[in-house]
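Worksheet: one structure, shown below.
The values are calculated or read from the model by the stated rules, or taken from the named source; none is laboratory data. Since this is a predicted model, take the numbers as computed values, not measurements. Cβ: placed from backbone, ideal geometry, glycine included. Neighbour counts: every protein chain shown. Side chains are part of the model used for accessible areas, which takes the heavy atoms of the whole protein and leaves out ligands, DNA and RNA. Shrake-Rupley method; radii C 1.70, N 1.55, O 1.52, S 1.80 Å.
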Amino acid sequence: MKKILVATDFSNCAHNAMEYAMELAKIMQAEVCVIHAIGSTEGINNSTYGALYIEDYYNTKREALKDWAATFPAENVTVSTVCEVGSVSSVITKYIYNTPVELLVMGTMGSTGITGIFGSNANTMITKTKTPTLIIPLESKFSMQPVITLATDFESIFSIAEINTLNELIVASKAEKLNVLNIIEGSTGWKTNEEGEENLKKLINSTTLEFNYINEANPIDGIINFVVSNQTDILCLVKRHHNILYRIFNKSTVNQVMNRSIKAVLILHE
């Protein structure tokens, strides 16, 4: 069965992300694993949980995680929990290395400008893993039939796993179409990329693709404006793993869009 991994720090952002993930799991027929990282110095001289020994503290946190996860209605969704010692990124990376994960879900404060611990960890995780990562801003709510937009430069080479995840999401959510957005940066003589369109149609064959071209001096503004005007619910971005200066879809752009978007952002990888 497909597995959705949800990271939590018990915050409001994590609560919202878990609610979103549970709804997504229902339509994708996936199980959910909730993961929490215990800081390496937690429990040392800490009386918050009345722990006399460090292992008592860890066990208390594990039970707290189970109790937290149990507050979300399951409705035929299998939910498990994992609580390990280490940084958020190391704990999640280790789990993904040892266990097949279809999708990683993390919460963030979104466009409020206060990214907080999960904002920074979400940014870190998209550089640490090639697993598709769904970032859920606090303002974002699950939609039963979401409007999905893929921002692309037509040059990214998608892995089979990435394409499968995107196609499964489209089919499960019954999306009527996929908006494909190509930002033309500072070009006056641009034209449609027919070859790129045909290649993408072959890969994403689960719905109709509607291609949109926008000539924007600032690609981030162009993406955000399109998300707002088209009432996008899930924005898909491709994180490039090679470093080319001034490339539109690089780590910096992905992170900036994540931190300004009030919609869910699905990070795909080459």
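Key figures
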item: Residues of region 167-226 satisfying the condition of being of a type in the set (Phe, Trp, Tyr) and outside any strand (DSSP E or B); result: Trp190, Phe226
item: Test: residue in region 37-47 that is touching a Ser or Thr at 6+ places or on another chain (Cβ under 7 Å) and either part of a helix (DSSP H, G or I) or at pLDDT below 95 (or both); result: yes
item: Qualifying residue in region 57-76 (condition: part of a helix (DSSP H, G or I), open to solvent by 50 Å² or more (accessible area, probe 1.4 Å) and modelled with pLDDT under 85); result: no
item: Residue match in region 107-130 (condition: modelled with pLDDT of 90 or more and among the basic types (Lys, Arg)); result: no
item: When residues of region 220-247 are limited to those that are hydroxyl-bearing (Ser, Thr, Tyr) and out of contact with any strand residue (DSSP E or B) (no Cβ under 6 Å at 6 or more places or on another chain), the one modelled with the highest pLDDT; result: Ser229
item: Hey, Glu23 of a type in the set (Asp, Glu), out of contact with any helix residue (DSSP H, G or I) (no Cβ under 9 Å at 6 or more places or on another chain), modelled with pLDDT of 90 or more and open to solvent by 20 Å² or more (accessible area, probe 1.4 Å) or not; result: yes
item: Filter result (touching a helix residue (DSSP H, G or I) at 6+ places or on another chain (Cβ under 6 Å), of a type in the set (A, V, I, L, M), within 27 Å of Lys191 (Cβ to Cβ) and open to solvent by 10 Å² or more (accessible area, probe 1.4 Å)) within region 151-181; result: Ile163
item: Residue in region 206-219 that is in contact with a Ser or Thr (Cβ under 8 Å, 6 or more places away or on another chain), at pLDDT below 85 and on the phi < 0 side of the Ramachandran plot present; result: yes
